[in-house]
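Some notes on the structure that comes next.
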Amino acid sequence: MTPHSRLVCHLLAFATVAVWGTTFVSTKVLLMEGLTPAQIFTLRFAMAYVLLAAWMGAQAVMKKRHARRVTVVGRTARQRESGWGVVRRELLMLALGVTGGSLYFMAENEALNHTTATNTSLIVCSCPLFAMIIIGMVYPAERVRRRQWVGSLIAFVGMAVVVLNGRFVLHLSPIGDLLAFTACLCWAFYSLLMKPALARYSAAYVTRKVFFYGVLTILPYFLFVPDWPAVEVLTRPVVVGNLLFLGVIASMVCFLVWNWVLRQLGPVVATNWVYFNPITTMLFAWWLLGETITLYFILGATLILLGMYLADKK
């Protein structure tokens, strides 16, 4: 990969994390309108699945030859699979849908009901450390070098400084902290499982499967909590607008771009961008909500950038 293309990948990773850092506003608006976390997740992933499937179908119809080259790796590999190979493929996609979809989002959202937002942010955003450990154990070729460890730890400290923002008081909540840690491990394993998936299938195919299995595995939840918003709620302009943002931009586009970046940069380097999430969240809060940019924020952001530079420096 040339320095220019690598820079483009990093910029796309930054843009994706920046969008994900702003989704808290849309989610909060929808919660205030009466939707539950499970309903929001189901609607945004179902919307993303339908739109991505339609887009891929339109590509295949309009440009059949080009579509075969683009969707490719996945389609060629699937044509050769049969029997146990198909089962293994679907089990892998199911695991991706759970770790990157239903279980991750439900664990993270439920954690906020049992512990503080600070605890949740610190635990969930520490996933790059666990991703490095897990990926290094499974793939010896991806074993983390000393410089990457140092860089990731510096970025982690910077992330903690940004999240704590000078208030070094943490309230332990076993249930909430355990749920947040579950979400953290989910994203770490999602990064791990993406490595074999993207080596064999296209980013578009894998992303579509993530949406499909994410929705499929959240449906049993509604058997225990049979609640669904009224049509009047779903047709409100504010609800439609925020759901479109979460479904089209934050889900379909961002997951598609993120999975492609994972293939180009590798799961360890790409996942380090998660440390940047609190920075984009606070910048967005400063821009729209008028929150103050503090010295702790500047210090933490500097540490994050320095750590990410060291982790990716050849």
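So the values come out like this:
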read-out	value
Calculated Cα Rg over 2.2 N^0.38 Å (choose from (1) 1.17; (2) 1.00; (3) 1.11), label	(2)
Gain upon complete extension [T235, L299; 0.36 nm per residue less C-alpha separation]	18.7 nm
Dipole of the chain [Lys/Arg +1, Asp/Glu -1 at C-beta], most positive-end residue of G247, A107, T27	G247
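A short reminder: the numbers here are calculations on the coordinates, not readings from a lab. Bear in mind the structure is a predicted one, so any value in this text is a computation, not a measurement. Positions of Cβ are generated from backbone atoms using ideal geometry, with glycine treated the same way; all protein chains shown enter the neighbour counts.
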